[in-house]
Structures are given as C-alpha cells and as structure tokens.
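In what follows, a single structure is set out as structure tokens and then discussed.
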Amino acid sequence: LQNRLNGHKIGAGELALRTSPSPGIPNKPKGGQNMFAQNDVNFTDKKWVWVPDNKEGYIAGYIINEEAGSDVVNVRLVNGRETTININDTEKVNPPKFDRVDDMADLGYLNEASVVHNLKQRFFDDLIYTYSGLFLVAVNPYYPLPIYGREYISGYKNKKRNE
C-alpha cells in the first residue's frame with residue numbers, strides 16, 4: 001500500500017495544478033478529480049477495473065474484450081491507452097458515488113486500488129482523516145491545514161462520530 005501511495009504523489013498531468021504551500025515542502029494538486037466526468041458511465045455491467053501501473057499505482061479502465069476460454073482481457077484505460085492483462089491481476093472499481101467516502105468499510109469493492117484511490121481523492125481535498133471501520137487512517141500532508149483552530153475543533157468536541 002505504501003508503494004502505491006508514493007507512486008501517486010505526482011501523477012501525469014498533475015504537475016501544472018500544483019501550488020507551493022511553503023518552501024521546501026512537496027506540492028500537491030488541488031481538488032481530487034472525478035475520473036468519470038461524464039454522467040453516462042455505466043457501472044451495472046461491472047466491467048470497470050483497476051489496472052496496476054508502475055508510475056501511477058493504479059489506473060481505471062473498462063474491459064472492452066474478453067477472450068473466450070481465457071483469463072486475458074483487453075482494457076481501455078481512462079488515460080486513453082489500451083492494454084491486455086490477466087483478469088486476475090485487476091481489481092473492481094467502485095462507482096463514483098463512493099468517491100471520497102469517510103469510511104472505507106462502506107466501499108462496495110474493498111481492495112487495495114480502491115483504498116488508494118479514496119485516500120488520494122480525500123488527500124487532494126485536504127480531507128486527511130479517513131476511517132476504515134473502527135480504525136482511523138491519517139495521510140500526512142506535510143504542511144499546516146486550517147483544521148486545528150479552536151473554532152474548527154469546537155465543532156467536533158463532545159460529538160459522536162456520526163454527528
């Protein structure tokens with residue numbers, strides 16, 4: 001998991017979006033983008049998969065062809081490339097309604113790629129705290145966030161998690 005997160009620090013095309021929070025601290029893109037921008041993406045046929053990638057960690061793609069009697073599939077990735085891969089080397093993609101969920105236990109497909117995707121999107125939106133069931137996951141942004149002031153803290157003080 002750590003290697004996949006490290007692979008996502010600077011993704012393709014994200015460099016232009018970066019701004020510097022303070023000298024010497026790595027930048028990050030602002031706002032996690034929804035990779036399914038069009039509203040007509042169909043998830044009912046369950047052909048969206050995460051494909052491992054050495055540079056990006058994982059890239060989402062759609063199965064465009066399944067070879068009969070074989071575990072090999074052709075996948076069109078969201079970056080426009082096409083690849084051939086063994087279906088057992090992929091993971092299922094959650095529909096966009098699961099993007100940036102507070103509790104990763106709520107993900108329909110709880111797999112490494114979906115966890116990395118959720119953490120990445122939340123990190124880009126400065127949502128560094130995420131639950132996984134009873135456990136809190138924190139991703140350190142390495143720069144101060146405006147979430148530790150008295151006013152912000154008082155909004156959470158003496159509250160239950162679901163309030």
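The values are calculated or read from the model by the stated rules, or taken from the named source; none is laboratory data. Everything numeric in this text was worked out from a predicted model, so none of it was measured. Note that each Cβ is placed from the backbone with ideal geometry, even for glycine, and that neighbours are counted across all protein chains shown. Calculation scope for accessible area: heavy atoms of the full protein, side chains included, ligands and nucleic acids excluded. Shrake-Rupley method; radii C 1.70, N 1.55, O 1.52, S 1.80 Å.
Note on segment 78-106: residues that are assigned to a loop (DSSP other than H, G, I, E, B), in contact with a strand residue (DSSP E or B) (Cβ under 9 Å, 6 or more places away or on another chain) and surrounded by fewer than 13 Cβ atoms within 10 Å (Cβ to Cβ) amount to 1.
Kindly indicate whether any position in segment 120-138 is in contact with a strand residue (DSSP E or B) (Cβ under 6 Å, 6 or more places away or on another chain), open to solvent by less than 100 Å² (accessible area, probe 1.4 Å), modelled with pLDDT of 90 or more and assigned to a helix (DSSP H, G or I). The answer is yes; a qualifying residue exists. Is one or more of the residues making up segment 27-41 part of a loop (DSSP other than H, G, I, E, B), open to solvent by 70 Å² or more (accessible area, probe 1.4 Å), modelled with pLDDT of 85 or more and within 29 Å of Y129 (Cα to Cα)? No, because not a single residue in segment 27-41 is part of a loop (DSSP other than H, G, I, E, B), open to solvent by 70 Å² or more (accessible area, probe 1.4 Å), modelled with pLDDT of 85 or more and within 29 Å of Y129 (Cα to Cα). Of everything in segment 139-150 that is open to solvent by less than 50 Å² (accessible area, probe 1.4 Å) and not hydrophobic (A, V, I, L, M, F, W, C), the residue that is nearest to P96 (Cα to Cα) is P141. If you go through segment 117-143 and keep only what is of a type outside the set (A, V, I, L, M), without any contact (Cβ under 8 Å) to a residue 60 or more places away in the chain and over 23 Å from E91 (Cβ atoms), you end up with D126, Y129, N140.
Under 8 Å between Cβ atoms, which residue pairs at least 6 apart in sequence (or on different chains) link something in segment 148-163 that is more than 18 Å from I128 (Cα to Cα) with a partner that is at pLDDT below 80 and not in a loop (DSSP other than H, G, I, E, B)? So the pair list comes out empty. Residue-level check: of (1) farther than 28 Å from S132 by Cβ; (2) surrounded by 17 or more Cβ atoms within 10 Å (Cβ to Cβ), W48 misses just (1).
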